[in-house]
Amino acid sequence: MKTFKTEVRVGVAMFVALLLLAYMTFTVGGLPFVGEEGYRLRVLFHTAAGLAKKAPVQIAGVKVGQVESVALVDDAAEVTLRIDSSVKIKKGGFAAVRTSGFLGDRFVEITPGRESAVLADGDRLASQDEVPGMEDLMNRFANIADDVKAVTTALRAIFEGGQTKAALDEILANTRSLTGEIDRWVKQHRASLGRSVAHVESFTRTLDTRGATLIARAQSLVDSLTQISQKIERGEGTIGKLIYDEASYKKLNTALDDLGSALKGVEAITQKIEKGEGTVGKLFSDDTAYENLNAALSGFDKTLNRIERFKTHVGFKTEWPLEGDGEQKGTFTLQLQPRSDKYYLLGLVNDPRGKITETTRVVTVNGRPTTTTERTTEHKMKFNAQFGKRMDNTDLRIGLMENTAGLGVDYAFWEDRFRISLDAWDFNSDDPESDRAHLRFSTAYTLLKHMTVEAGYDQILNPGLDSLFLGFGIRFEDDDLKYLLGSLSGFTQ
């Protein structure tokens, strides 16, 4: 038994050493712990010439990611960008391929949009026509030079003859005279021409957009009025009955009398309010009642603000011991956090060793009485109720742990993704096999936002019950609970 205990302790020491070695390796090497951080966006460019893998992605000249891959999709280049998780890009923007300097490397520049929503992993970002490279610019300059040369050659051929030049001079003189006359006439009638054009444009727009609509509405109005008048003549509907039905007329007259009586009652009430009589009158005329009501409303508003700031976390966890009978232990946790440095932890624990029963019997064997003891172990639900206080990266907890007084300490690092915990409770145990306090050491790592894996050493001070264990848990926060409850209510409807 001592040898086994030594091996277990050596194994725990090796486990802690491996964790520390992994932490130093990833910290010093600058490597991510699980996969690559960030999210991916896809952009479809007409061409990605010169754009290499791992090329930088920038916003306003600041690098926010890199090019992950470039692939051909339907005669276009699909570029996958990996953006740092700390950068949130608003929707409605676009991406373009740029060149650093005159002959520099190609990179991708993102111009964020102005929408309130942000892009998520896998979304597609619109593209802008990319800036042409130096080869494209040289080809365009060459084409322009060829066109200019052709035009100058044609002009030289035209102007070589003297008659052509004289004819052109005459055309230019006539054109100059005509444009001068037109300019003088336009200047004289500029105001009237402007008004005429404006009237014509307004009239045509009205005819185009409203003519047909007005005709249709007028025809519909005439048809409706015709139907209403015919129903009234036949005594149908409320107005028809009111005109031709004597009983309806009497009912209307009675209703008007009742309305007059009601208005008299309202007038009497308003007079009492103006005089400051009654509860409502005192509320309007008495400053003390107004101040009390205002104070009550202010207190109610503060209470609502406190409730709004109250954060809630719900978690489920299951543990499997690596030694012994291997029965799993389940835990439900509810964390209420009114402030960032203060919280209350409530929970239910399904303990496989929750209830130990011993039965003593006296049995006669070969004429001699023999005492036998039978021990029965049963599952039992136990309750947790702890108060927690956060100080930097350390949490201190005290309260009830599985129906007994206890305390615990947690140390978190890597932005609370990795946690080391030490808990102690059940200092006066009634379990015959557990004559010392229940001491537990555990480590937990958050793989994703909601999932956690756990490993540790339980019942350290009680030989025979001590064992290593592995665990898995899920955890939901306020926003997750609101989404789940909203989805359930929509499903039931």
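Where a number appears in this text, it was derived from the coordinates with a stated rule and is not lab data. Just so it is clear, the model here is predicted, and its values are computed rather than measured. Virtual Cβ from ideal backbone geometry, glycine too; neighbours counted across all protein chains shown.
Computed quantities for the displayed model
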quantity: Cβ crowding within 10 Å averaged over residues, with 245-251, 314-320 ranked highest first; calculated: 314-320, 245-251
quantity: Positive-pole candidate from Leu470, Val314, Tyr457, dipole of region 310-490, charges at beta carbon; calculated: Val314
quantity: Ranked Tyr343, Tyr411, Tyr445, criterion: other C-beta atoms within 10 Å, fewest first; calculated: Tyr411, Tyr445, Tyr343
quantity: Taking Lys231, Lys275, Lys91 and counting other C-beta atoms within 10 Å, the order from fewest to most; calculated: Lys275, Lys231, Lys91
quantity: Value of Rg to Rh for region 310-490 (Rh from inverse mean 1/r over Cα pairs, i.e. Kirkwood); calculated: 1.08
quantity: Relative packing of peptides 423-436, 252-265, 454-467 - highest average C-beta neighbours within 10 Å first; calculated: 454-467, 423-436, 252-265
quantity: For Ser116, Ser69, order by how many other beta-carbon atoms lie within 10 Å, fewest first; calculated: Ser116, Ser69
